[in-house]
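Here the structure is laid out as C-alpha cells; the discussion comes afterwards.
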Amino acid sequence: MPVRLAVPKEIFPGERRVALDPSVAERFTKLGAEVLVQKGAGKGAHFVDAAYEGKARLLDDAAALYAEADVVFKVQPPTLDELDLIRDGAIIVGFLQPHRHPDMVHKLCDKKITSFAMELLPRISRAQSMDALSSQASIAGYKVALMAAEMASFFFPMLTTAAGTIRPAKVVVVGAGVAGLQAIATCKRLGAQVEAYDIRAAAKEQVESLGARLIDTGIQAEGVGGYARELTDEEKRKQAEVLAKHVAAASAVITTASLPGRDAPKIITRAMVEAMKPGSVIVDLAAETGGNCELTEPGKTIEYNDVIIHGPVNIPSLIPVHATETYAKNLYNFLSPMFKDGQLALNWEDEVIRESVLTHEGEIKHEPTGRRLRGAS
C-alpha cells in the first residue's frame, strides 16, 4: 500500500496558505505516494479543488482525511482537537513552534506521533532547499517593506517636482537576516536611502552588496547557526545609544530581529519612538513573538507620539500563492529523499532527519524543548 500524504485545510485564523500546491502534490504521486487533500484546503491560496484532480484524492472533511493519513503536512501547528483525529504513530511535518505549544508537544508524545519541525532544520548547505524559515522570511521581508512605504507620510524615492526636489526617505532596517535583507532590497528598489543594523559581523558584506549602509555600534554577537546571540546588559546599553540617533532621523523603521525559540529582543525603546519625527512609521516584523519595539501590539496598528507602529502577524499568508508554492517545494525537498521504492525510510543517521525531529516513539527528541518542558513542570 502506498504512503498516504494528507493535506488538511488550515484552521488557524487568517491562515491562507496550504501545505501543498497541485504541482508539488503531483510530484509526490510520481514518487509512489497517494496524496489526500481536504476539500477547500487550497481555496485561501487560490488553488481550487479542481486543480488537484488527477493529482490527489479529495476528501470531504478533516476527520476522514486524518483517519487515512500516514503523513500529515501542516503549515500552522496542529491544535489539540486536530491531534485527537490523527492516528497514533502517524508522522506530522510542518512549523510546530514547540516553545509556544507545550500541550501539543505532550500530546504528540502521548500518541507516539513522529513530528518534524521545519524550523529545526540544520543550517547546512544540503538543507538550503528545504529551508522553509528562509523561504517564508523572504516573502515577509518583501511585504513589510511595502507596508512601510504605504504607511509612511513621506515619499520613499527622490522626486523632482514643480515645487522643487524632494529628498528620498531614510529607512532603518533592524536585523539583516533573510527577511531584513529582502526588506533592504525592496526599500532600495523603491528609492529610499537605507541603513541597516545587525550585531553579526557577517552582515556587513551582505548589507553593502544591496546598496545599504551598516550601522556600526562596535558590538559583534555571532550566535549558533548564523543567528545572533542575546546581548549583555552593557552591550544593550551601548547598542541603544548608537541606534537611537539613526532611528530619530528615519522616516521608516522596519524591525526583523529574532532569536530561535525565544521571544523577540526589545531593541526599539519608548524613548527612541518619542525622538522620532512626526509622521514616521515602525513596521515590526517580530510582532508575533512579542515585537522588537517596546510599544508594539501584535496584530494592531497604533499611533504613539505621532508615530505609527504597525504589528502585523502571519505576514507570508498575505502573499498566499507564492508562500504556498515555496513552502510546498521545501516540504518536497525535505521528504522526497526519504522515499525508497514508494515507501518512507527514515535514516536516523542523516543529520537533517536527526536534527529536525521533535518527537518520536513517545519521546521528545529535541533536547532544548525537552529541557524547557521539564523546567516548566
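The values are calculated or read from the model by the stated rules, or taken from the named source; none is laboratory data. In this text, all values refer to a predicted model and were calculated from it rather than measured experimentally. Quick reminder, even Gly has a Cβ in these numbers, built from the backbone with ideal geometry, and neighbours come from all protein chains shown.
Of the candidates Gly261, Gly279, the single residue that is surrounded by 15 or more Cβ atoms within 10 Å (Cβ to Cβ) and touching a residue at least 12 places away in the same chain (Cβ under 8 Å) is Gly261.
When every residue of segment 243-252 is checked against the conditions, at least one turns out to be assigned by TED's automatic domain parsing to the domain that holds Pro168, touching a strand residue (DSSP E or B) at 6+ places or on another chain (Cβ under 7 Å) and surrounded by fewer than 16 Cβ atoms within 10 Å (Cβ to Cβ).
Checked against the criterion of being more than 23 Å from the chain's Cα centre (by Cα) and over 24 Å from Gly32 (Cβ atoms), segment 327-338 contains not a single residue that satisfies it. Looking at Ala137, Ala50, just one residue is among the small types (Gly, Ala, Ser) and in contact with a helix residue (DSSP H, G or I) (Cβ under 6 Å, 6 or more places away or on another chain), and that residue is Ala137.
For segment 353-376, taking the residues that are of a type in the set (Asp, Glu) and assigned to a helix (DSSP H, G or I), the one that is modelled with the highest pLDDT is identified as Glu355.
Within segment 32-47, being buried (at least 17 other Cβ atoms within 10 Å of the Cβ) and not in a loop (DSSP other than H, G, I, E, B) holds for Glu34, Val35, Leu36, Val37, Gln38, Gly44, Ala45. Checking Asp233, Asp263 one by one, the residue that is out of contact with any strand residue (DSSP E or B) (no Cβ under 7 Å at 6 or more places or on another chain), modelled with pLDDT of 85 or more and not hydrophobic (A, V, I, L, M, F, W, C) is Asp263 and no other. For segment 258-278, a residue qualifies if it is of a type in the set (A, V, I, L, M, F, W, C), under 19 Å from Ile308 (Cα atoms) and part of a loop (DSSP other than H, G, I, E, B), and the qualifying residues are Ile267, Met276. At least 1 residues being closer than 23 Å to Ala25 by Cα, assigned by TED's automatic domain parsing to the domain that holds Val37 and modelled with pLDDT of 95 or more is the threshold, and among the helices (runs of 4 or more DSSP H) wholly inside segment 49-117 those reaching it are 49-52, 62-68, 80-85. Candidates are the residues of segment 1-14 that are surrounded by fewer than 18 Cβ atoms within 10 Å (Cβ to Cβ) and touching a residue at least 60 places away in the same chain (Cβ under 8 Å); the one that is farthest from Asp61 (Cα to Cα) is Pro2. Have a look at Leu331, Leu295 and point out the one that is touching a helix residue (DSSP H, G or I) at 6+ places or on another chain (Cβ under 9 Å), part of a loop (DSSP other than H, G, I, E, B) and not acidic (Asp, Glu). Going through Leu331, Leu295 in turn, just one is touching a helix residue (DSSP H, G or I) at 6+ places or on another chain (Cβ under 9 Å), part of a loop (DSSP other than H, G, I, E, B) and not acidic (Asp, Glu): Leu295.
Can you tell me which residue among Thr114, Thr160, Thr165 is touching a residue at least 60 places away in the same chain (Cβ under 8 Å), over 24 Å from Ala240 (Cβ atoms) and surrounded by fewer than 23 Cβ atoms within 10 Å (Cβ to Cβ)? Explain how you work it out, then say what you get.
Values: Thr160 fails: touching a residue at least 60 places away in the same chain (Cβ under 8 Å); Thr165 fails: touching a residue at least 60 places away in the same chain (Cβ under 8 Å).
The match here is Thr114.
Test Thr296 against the criterion of being surrounded by fewer than 16 Cβ atoms within 10 Å (Cβ to Cβ) and touching a strand residue (DSSP E or B) at 6+ places or on another chain (Cβ under 6 Å), and give yes or no.
Values: surrounded by fewer than 16 Cβ atoms within 10 Å (Cβ to Cβ): no; touching a strand residue (DSSP E or B) at 6+ places or on another chain (Cβ under 6 Å): yes.
In short, no.
A quick yes/no check of all residues on (1) in the same structural domain as Glu241 (by TED's automatic domain parsing); (2) among the hydrophobic types (A, V, I, L, M, F, W, C); (3) more than 22 Å from Phe12 (Cα to Cα):
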{"residue": "Leu259", "(1), (2), (3)": "yes, yes, yes"}
{"residue": "Glu274", "(1), (2), (3)": "yes, no, yes"}
{"residue": "Leu285", "(1), (2), (3)": "yes, yes, no"}
{"residue": "Glu288", "(1), (2), (3)": "yes, no, no"}
{"residue": "Ile308", "(1), (2), (3)": "yes, yes, yes"}
{"residue": "Gly311", "(1), (2), (3)": "yes, no, no"}
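When you look at Val321, is it out of contact with any strand residue (DSSP E or B) (no Cβ under 8 Å at 6 or more places or on another chain), of a type outside the set (S, T, N, Q), surrounded by fewer than 20 Cβ atoms within 10 Å (Cβ to Cβ) and over 30 Å from Phe28 (Cα atoms), yes or no? For Val321, the condition - out of contact with any strand residue (DSSP E or B) (no Cβ under 8 Å at 6 or more places or on another chain), of a type outside the set (S, T, N, Q), surrounded by fewer than 20 Cβ atoms within 10 Å (Cβ to Cβ) and over 30 Å from Phe28 (Cα atoms) - is not met.
Inside segment 146-181, residues that are on the phi < 0 side of the Ramachandran plot and assigned to a loop (DSSP other than H, G, I, E, B) make up a count of 14.
The set of residues from segment 150-168 being within 27 Å of Thr301 (Cβ to Cβ), out of contact with any strand residue (DSSP E or B) (no Cβ under 6 Å at 6 or more places or on another chain) and not aromatic (Phe, Trp, Tyr) comprises Glu150, Ser153, Pro157, Arg167. Apart from one condition, Glu15 fits all of (1) more than 30 Å from Arg372 (Cβ to Cβ); (2) in a loop (DSSP other than H, G, I, E, B); the exception is (1).
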